[in-house]
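No value in this document is a laboratory result; all are computed from the given coordinates. Worth saying up front: this structure is predicted, and the values here are computed from it rather than measured. With ideal geometry, Cβ positions are generated from the backbone for all residues, glycine too; neighbour counts draw on all protein chains shown.
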Amino acid sequence: MKIRKKLPDSVREKYRAIHGVVPSSDMHTHLRRELMQEIWALLLDDKFMHAYKHGIEILCADNIWRLVFPRLLTYSADYPEK
């Protein structure tokens, strides 16, 4: 999977339309960091957090109900927004 390091041009154009200038390098980094934080907020909603803490019953392929505790694994060697 290729990870895109740039925000779409539409973000830069929207920023320019609002502020009258293109975002600086520092602002670009800030916008990418804020985007990552918003993505995490969407992923870690109340339903997921309840399943994370208390588990969720899932009927598995062998027709046995099991209590599953979802987990997200991440790897970070540096700031993902840089």
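Tabulated data
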{"item": "Order of 16, 71 under a 10 Å beta carbon neighbour criterion, fewest first", "result": "71, 16"}
{"item": "Residue 61 versus residue 13: modelled label distance in nm, points set 7 Å from Cα along the beta carbon direction", "result": "4.5"}
